[in-house]
Amino acid sequence: MTGPRGLFVAFEGGDGAGKTTQLGLLAEHLRAQGCDVVVTREPGDSRIGPQVRAIVLDGGELDPRAEALLFAADRADHVAHVIRPALERGAVVLVDRYIDSSIAYQGEGRGLGRDQVAAISAFATGGLEPDLTVLLDLDEAARRDRVERQGYVDRIEREPGHVHERVRQAFLDLAAAQPERYLVVDAARSPRDVAADIAVAVDKVRP
Ligand code: TYD
């Protein structure tokens, strides 16, 4: 089987880093140039996404391994039914969270082990990796401030600050290990400046 033809860009980072805003701005930039763009998110946009979200984000206590497997199940269905088909027709796919979120939150945050969680995700995705990952990096004080202002705090956002510090470091370590496949941006800057850096990086890797 030949690999997918489109371009796959993942957005990662802590809660409140502005991923959704930046995904929207990038989609606008690419559509203005005539690209076929698919914007999608995890957990949520697979066929089982709504049920997975209800359990992992809004439900009660859950074993960390069950949590990791549910995110992976959502990802498997998402790749098979949304991401791969879009890439195969040549689209640009922008995904709000992907494998790195599982490695950072479940592998590091929940203490399941980064490598083990990476292996579960590799199984779930059949090895499909983003061409570029945009990491929106925000320090813990700014993260807490933004999350508190948004009002509703989900099961994962309720974790204490030191857990979020470790999650942040895990994202940064993943980026540092493969710098050619990552763009790390300081998410505390103005949304317009952040968007400009992202557009330049994506234009460089576009087919
Ligand atoms: P969501 O409401 O989509 O908001 P945002 O991505 O803007 O923070 O929340 C998704 C939550 O799920 C977020 O706290 C991170 C968490 N998450 C994981 O813990 N593991 C994963 O694999 C994914 C995809 C998300």
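The values are calculated or read from the model by the stated rules, or taken from the named source; none is laboratory data. Keep in mind that this is a model prediction, so the values were computed, not measured. For neighbour counting, all protein chains shown are included, and Cβ atoms are generated from backbone atoms with ideal geometry for every residue, glycine included. Calculation scope for accessible area: heavy atoms of the full protein, side chains included, ligands and nucleic acids excluded. Shrake-Rupley method; radii C 1.70, N 1.55, O 1.52, S 1.80 Å.
Key figures
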item: Identity of the residue in segment 81-98, closer than 14 Å to E42 by Cα and in contact (Cβ under 8 Å) with a residue 40 or more places away in the chain, that ends up nearest to the ligand (Cβ to nearest atom); result: R97
item: Per-region count, segment 3-21, residues of a type outside the set (G, A, S) and under 13 Å from the mean Cα position of the chain (by Cα); result: 7
item: Enumeration of residues in segment 32-53 that are more than 20 Å from V92 (Cα to Cα), open to solvent by 10 Å² or more (accessible area, probe 1.4 Å) and not charged (D, E, K, R); result: I48, P50, Q51
item: Search result, residues across segment 168-191 that are farther than 13 Å from L136 by Cβ, of a type outside the set (G, A, S) and either in contact (Cβ under 8 Å) with a residue 60 or more places away in the chain or out of contact with any Leu (no Cβ under 9 Å at 6 or more places or on another chain) (or both); result: Q169, D173, L174, Q178, P179, E180
item: Hits in segment 54-66 - residues which are loosely packed, with under 13 Cβ neighbours inside 10 Å, at pLDDT 95 or above and of a type in the set (D, E, K, R); result: D63
item: Flag if L30 is within 12 Å of the ligand (Cβ to nearest atom) and part of a helix (DSSP H, G or I); result: no
item: Set A175, A104, A122, A142: member being at pLDDT below 95 and not in a loop (DSSP other than H, G, I, E, B); result: A142
item: Residue among G16, G111 that alone is outside any helix (DSSP H, G or I) and either more than 26 Å from L138 (Cα to Cα) or without any contact (Cβ under 8 Å) to a residue 60 or more places away in the chain (or both); result: G111
item: Filtered residues of segment 33-64 (kept if over 18 Å from the mean Cα position of the chain (by Cα), aliphatic (A, V, I, L, M) and not in a helix (DSSP H, G or I)); result: L62
item: Among the candidates G151, G161, G126, residue that is exposed (fewer than 12 other Cβ atoms within 10 Å of the Cβ), small (G, A, S) and more than 21 Å from D15 (Cβ to Cβ); result: G126
item: Residue check, D173 over 13 Å from G14 (Cβ atoms) and acidic (D, E); result: yes
item: Enumeration of residues in segment 68-113 that are open to solvent by less than 40 Å² (accessible area, probe 1.4 Å) and on the phi > 0 side of the Ramachandran plot; result: G90, R97, G113
item: Within segment 69-101, tally of residues that are assigned to a helix (DSSP H, G or I) and either acidic (D, E) or more than 18 Å from L7 (Cβ to Cβ) (or both); result: 14
item: Contacts under 7 angstrom Cβ, first residue in segment 192-207 being closer than 17 Å to V93 by Cβ, partner at pLDDT 95 or above and assigned to a helix (DSSP H, G or I), 6 or more apart; result: I198/Q22; I198/L26; A199/L26; A199/H29; V202/L26
